[in-house]
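One structure is given below, encoded as structure tokens.
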Amino acid sequence: MSRSPTFPATDLHGWYVQAKRDLPWRRDPKPYKVWISEIMLQQTQVGNVIAYFLNFLRKFPSVSNLADAPESEVLSAWSGLGYYSRGRNLKKAAQVMMSEHSGKVPETFKELIKLPGIGPYTAGAIASIAFEQPLPILDGNVKRVLSRFYLETDEKKLWSAAESVVRSWHQRKGKPSEINQALMELGALICSPRAPKCSQCPLRKRCGAKDNSAAEFYPVGDRKLTTSKQSHALLLLERQCAAGQEFLLEQRSGSEPWLKGMWQFPIIPLAPKENFKLARCRGNVAKRFSSKLGQRIQVKRYLGKINHQITRYKLDLQVIRAELIGRQASLSSVYRWVPELELQQFAYSSILKKTLALAKN
Ligand code: SF4
């Protein structure tokens with residue numbers, strides 16, 4: 001550690017008691033709720049998680065409900081949170097809990113980390129918040145606070161620092177759940193990535209970064225994912241059915257970079273200069289979709305563009321409405337005609353919702 005001032009855990013805890021946000025998973029931190037909230041909070045801001053958390057708990061109030069639910073229902077409840085593998089892993093982990101842990105969230109780090117979707121940070125968070133075990137958490141917020149406080153950027157040393165804070169607090173009869181959440185909350189509310197509010201911070205007297213105004217330089221070396229821009233054409237193919245109207249969906253392969261394995265309107269990549277205002281481009285795209293489906297289609301109308309970000313991919317999706325022409329071939333099993341009223345039962349992604357809204361305008 002570059003410098004080792006005593007960590008003012010009592011001051012931090014005092015601040016936390018006054019300033020902590022009233023969050024639904026904090027009111028009643030049962031292990032199941034803590035687990036679901038921690039998975040949702042990976043890569044997603046608290047403000048965006050609350051409504052999803054409440055809805056998810058209404059739909060799947062226990063480990064057994066979640067384990068028994070069809071994956072499509074779980075993904076439907078997850079829709080909009082992104083990183084869908086988290087939703088899939090929740091269901092898989094619930095099944096392991098049913099078969100190996102009597103339907104309960106396991107208590108130890110060793111058992112937690114074996115579950116799908118749970119890494120060292122989440123295992124520590126669940127064990128400390130739900131079971132009061134003195135284990136460290138080093139999420140982005142905690143890392144930033146400790147990195148600035150100790151003027152340290154080495155990840156291993158920051159894990160040791162987080163461990164030392166929670167262990168010594170526990171030795172003094174403090175609750176691990178509270179000191180860990182206090183560190184996380186401080187990073188979220190005060191020690192923000194830009195312009196930290198040092199004058200309101202309970203650590204300011206001993207914080208290294210505050211002393212030399214270096215806060216914005218810590219932590220350094222954070223891996224920033226570069227954003228990738230992609231253009232695609234999205235095919236809205238509909239036909240009449242007994243229930244009214246049905247749409248063609250395609251199940252994306254598990255090797256796609258985004259929305260892996262999810263049902264979605266068929267999509268093909270576009271070259272940077274392909275312009276939908278040109279009839280030639282619409283003709284080319286219709287040909288490519290026809291060859292993908294093994295069925296001829298004809299573009300009826302260009303509906304407009306949807307912008308959407310999934311993980312690090314910034315997508316612009318050019319939506320076309322089309323119709324089948326010629327003899328109707330049987331489609332491969334990755335395609336399915338789905339009546340409009342049943343779309344909700346499939347993984348109801350934000351792209352799907354945006355496309356339908358565009359089509360109804
Ligand atoms: S004093 Fe400033 S830089 Fe240091 S932990 Fe507090 S908010 Fe962060």
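Specify which of the listed residues (GLN240, GLN251) is under 23 Å from LEU341 (Cβ atoms) and without any contact (Cβ under 8 Å) to a residue 24 or more places away in the chain.
Values: GLN251 fails: without any contact (Cβ under 8 Å) to a residue 24 or more places away in the chain.
Of the residues listed, the single one that is under 23 Å from LEU341 (Cβ atoms) and without any contact (Cβ under 8 Å) to a residue 24 or more places away in the chain is GLN240.
Test each condition in (1) assigned to a helix (DSSP H, G or I); (2) at pLDDT 95 or above; (3) more than 15 Å from the chain's Cα centre (by Cα); (4) more than 21 Å from VAL142 (Cα to Cα) for PRO61 and report the one that comes out false. Checking PRO61 against (1) assigned to a helix (DSSP H, G or I); (2) at pLDDT 95 or above; (3) more than 15 Å from the chain's Cα centre (by Cα); (4) more than 21 Å from VAL142 (Cα to Cα), the one that fails is (1). Only one of the numbered conditions (1) outside any loop (DSSP other than H, G, I, E, B); (2) within 13 Å of the ligand (Cβ to nearest atom) is not met by ALA162, and that is (2).
With the structure loaded, tell me whether ALA19 is of a type outside the set (Ser, Thr, Tyr) and either open to solvent by less than 30 Å² (accessible area, probe 1.4 Å) or under 17 Å from the mean Cα position of the chain (by Cα) (or both) or whether it fails that test. No.
What number of residues in segment 262-299 are in a strand (DSSP E or B), out of contact with any His (no Cβ under 9 Å at 6 or more places or on another chain) and exposed (fewer than 15 other Cβ atoms within 10 Å of the Cβ)? Number of matching residues: 1. Taken over segment 289-317, the residue count meeting the criterion of being closer than 28 Å to THR227 by Cβ, in contact (Cβ under 8 Å) with a residue 40 or more places away in the chain and not polar (S, T, N, Q) is 12.
Checked against (1) under 16 Å from PRO29 (Cβ atoms); (2) under 26 Å from the mean Cα position of the chain (by Cα), LYS175 passes all but a single condition, namely (2). Counting the residues of segment 70-83 that are touching a Phe, Trp or Tyr at 6+ places or on another chain (Cβ under 6 Å) and open to solvent by 10 Å² or more (accessible area, probe 1.4 Å) gives 3. In summary, LYS229 fulfils each of the numbered conditions (1) part of a loop (DSSP other than H, G, I, E, B); (2) away from the ligand (no atom under 16 Å from the Cβ); (3) of a type in the set (Lys, Arg); (4) at pLDDT 75 or above with the single exception of condition (1). All of (1) surrounded by fewer than 24 Cβ atoms within 10 Å (Cβ to Cβ); (2) under 23 Å from ARG21 (Cβ atoms); (3) within 14 Å of the ligand (Cβ to nearest atom) hold for LEU151 with one exception: (2).
Listed here are the residues, each with its yes/no results for (1) among the polar types (S, T, N, Q); (2) farther than 20 Å from GLY261 by Cβ; (3) open to solvent by 70 Å² or more (accessible area, probe 1.4 Å).
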{"site": "GLN43", "(1), (2), (3)": "yes, no, yes"}
{"site": "ASN48", "(1), (2), (3)": "yes, yes, yes"}
{"site": "PHE56", "(1), (2), (3)": "no, no, no"}
{"site": "PHE60", "(1), (2), (3)": "no, no, no"}
{"site": "SER64", "(1), (2), (3)": "yes, yes, no"}
{"site": "SER85", "(1), (2), (3)": "yes, no, no"}
{"site": "GLN95", "(1), (2), (3)": "yes, no, yes"}
{"site": "VAL105", "(1), (2), (3)": "no, yes, no"}
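Taking the numbered list (1) within 28 Å of the chain's Cα centre (by Cα); (2) in a loop (DSSP other than H, G, I, E, B); (3) away from the ligand (no atom under 13 Å from the Cβ) in turn, SER192 passes all entries but (3).
Matching residues to (1) within 27 Å of ARG88 (Cβ to Cβ); (2) touching a helix residue (DSSP H, G or I) at 6+ places or on another chain (Cβ under 7 Å); (3) aromatic (Phe, Trp, Tyr):
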{"site": "LYS277", "(1), (2), (3)": "no, no, no"}
{"site": "VAL285", "(1), (2), (3)": "no, no, no"}
{"site": "ARG288", "(1), (2), (3)": "no, no, no"}
{"site": "TYR313", "(1), (2), (3)": "yes, no, yes"}
{"site": "GLU323", "(1), (2), (3)": "no, no, no"}
{"site": "LEU331", "(1), (2), (3)": "yes, yes, no"}
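The values are calculated or read from the model by the stated rules, or taken from the named source; none is laboratory data. Bear in mind the structure is a predicted one, so any value in this text is a computation, not a measurement. Reconstructed Cβ throughout: ideal geometry from the backbone, glycine too, with neighbour counts over all protein chains shown. Each accessible area value is taken on the protein alone, full model and side chains, heavy atoms only, with ligands, DNA and RNA left out. Shrake-Rupley method; radii C 1.70, N 1.55, O 1.52, S 1.80 Å.
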